[in-house]
Amino acid sequence: MRKTVLLLLLLPLLLSCGPKKAAVAPSVRDFPMAEVPMMITEPQQRLQWIAQHFWDRFCDTTQLYACDSLTINGVAAVKVEEQVGLFASMLEEMPLGEGQKAMSACFGRLESFQAAHPEGIVYKEVSALVTRYFFDPNSPVRSEDLYLPFAEGLAVSPLTEESLRMACRWDAQTCQMNRTGTPAADFSFIDSAGKRRTLYSIKAWRTLLIFGHPDCHACKELVQQMENTPSVKALIGEGALKVVDIYIDEDIELWKAGIADYPKDWINGYDPTYTIRTDRLYSVRALPSLYLLDADKVVLLKDALPERVLSALAQY
């Protein structure tokens, strides 16, 4: 995870403050890190405290610092971006509920700061970064579960531009779908033998639900990764893991032509009525989209990166 975050921090995510009013304090400063109270010594508790208070000092309402095309509230924009990456890595190491509390606290601090300083740009610029890191389908640390409290805040806050509020409501609804810890939505599909089946008819200790495409390069890489992972192959061979790959687009002939490229021990199918896509049963914003389910079809991992899924399966 640390290597992934370091790579992510090198991505040139563009920031622009645009024309702003003059700030109170023009000096450039380091990002003010949270200081953990000395009485908190247990590592996990320290991590949770830092995450909960990560943005407190940066969003101190008693001060407003400079902002230009390279600076956000007195801190170099690239440094603020690095801190969003660090924040994301912290939340990934915490229980989901604690991570969501920290995300709620983050949004609350940004909102309070903007209310105190309407001329500032902290709310807009940091919100854009948080959205890009946690919600962009191409982000290696994306998490709709962790982004949910932030999206819900953006959707109702009077500080969100009216032109963006509808899109924020849509994002929040997307994050609500098939959340980790909730039962996955059932659906019917036609398998490669022409038989109609349902997701819940698949009986296994673990089910890996994949929304893929025959022409998707990343999907083909996933097949190779799984075929080259002995622990995953063993789970499939024992019947403990069932892999269900579903095609949700319209060119069924293309799907049929690509069936031979999938492992024989996978269950391949397509959605004949396009219900998954048109009724938004699942959030499929990029391919492949992976959901790991338990024996009762409760979501264990939602829209997770292949590496995270494989790592989870390797622990069983």
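The values are calculated or read from the model by the stated rules, or taken from the named source; none is laboratory data. These figures come from a predicted structure and were not determined experimentally. Using ideal geometry, Cβ is built from the backbone for each residue, glycine included, and neighbour counts are taken over all protein chains shown.
What to note about this one:
- M103 being assigned to a helix (DSSP H, G or I) and either of a type in the set (G, A, S) or within 30 Å of R308 (Cα to Cα) (or both): yes
- Residue check, V141 among the hydrophobic types (A, V, I, L, M, F, W, C), buried (at least 20 other Cβ atoms within 10 Å of the Cβ), in a loop (DSSP other than H, G, I, E, B) and in contact (Cβ under 8 Å) with a residue 12 or more places away in the chain: yes
- Residues that are touching a Pro at 6+ places or on another chain (Cβ under 6 Å) and among the aliphatic types (A, V, I, L, M), drawn from the range 263-299: A286, V298
- Looking across the range 72-113 at every residue that is in contact with a helix residue (DSSP H, G or I) (Cβ under 6 Å, 6 or more places away or on another chain) and among the hydroxyl-bearing types (S, T, Y), the one that is nearest to T182 (Cα to Cα) is identified as S104.
- Selection status of T182, touching a residue at least 24 places away in the same chain (Cβ under 8 Å), β-branched (V, I, T) and surrounded by fewer than 14 Cβ atoms within 10 Å (Cβ to Cβ): yes
- The residue pairs whose first member lies in the range 232-261 and is under 13 Å from I202 (Cα atoms) and modelled with pLDDT under 95, whose second member is basic (K, R) and outside any helix (DSSP H, G or I), and whose beta carbons are closer than 6 Å, counting only pairs six or more residues apart or on different chains, do not exist in this structure.
- Which numbered condition E125 fails, given (1) in a helix (DSSP H, G or I); (2) surrounded by fewer than 17 Cβ atoms within 10 Å (Cβ to Cβ): (2)
- If the condition is being part of a helix (DSSP H, G or I) and small (G, A, S), then the range 106-122 contributes G108, S112, A115, A116.
- Selection of the range 258-289 for residues being over 13 Å from S188 (Cβ atoms) and acidic (D, E) yields D261, D265.
- Count of residues meeting criterion [acidic (D, E) and in contact with a helix residue (DSSP H, G or I) (Cβ under 9 Å, 6 or more places away or on another chain)] in the range 252-266: 2
- Candidates L91, L47: the one that is among the hydrophobic types (A, V, I, L, M, F, W, C), in a helix (DSSP H, G or I), surrounded by fewer than 20 Cβ atoms within 10 Å (Cβ to Cβ) and modelled with pLDDT of 95 or more is L47.
- Answer residue from the range 275-314, given it is free of Cβ contacts under 8 Å to residues at least 60 places away in the same chain and farther than 16 Å from V243 by Cα and is surrounded by the most Cβ atoms within 10 Å (Cβ to Cβ) among those: R277
- Qualifying residue in the range 29-43 (condition: part of a helix (DSSP H, G or I), over 22 Å from the mean Cα position of the chain (by Cα) and either of a type in the set (V, I, T) or exposed (fewer than 15 other Cβ atoms within 10 Å of the Cβ) (or both)): yes
- Put simply, of E152, E81 the only residue that is buried (at least 21 other Cβ atoms within 10 Å of the Cβ), of a type in the set (D, E) and modelled with pLDDT of 95 or more is E81.
- Qualifying residue in the range 266-283 (condition: under 18 Å from the mean Cα position of the chain (by Cα), charged (D, E, K, R), over 19 Å from Q173 (Cα atoms) and at pLDDT below 95): no
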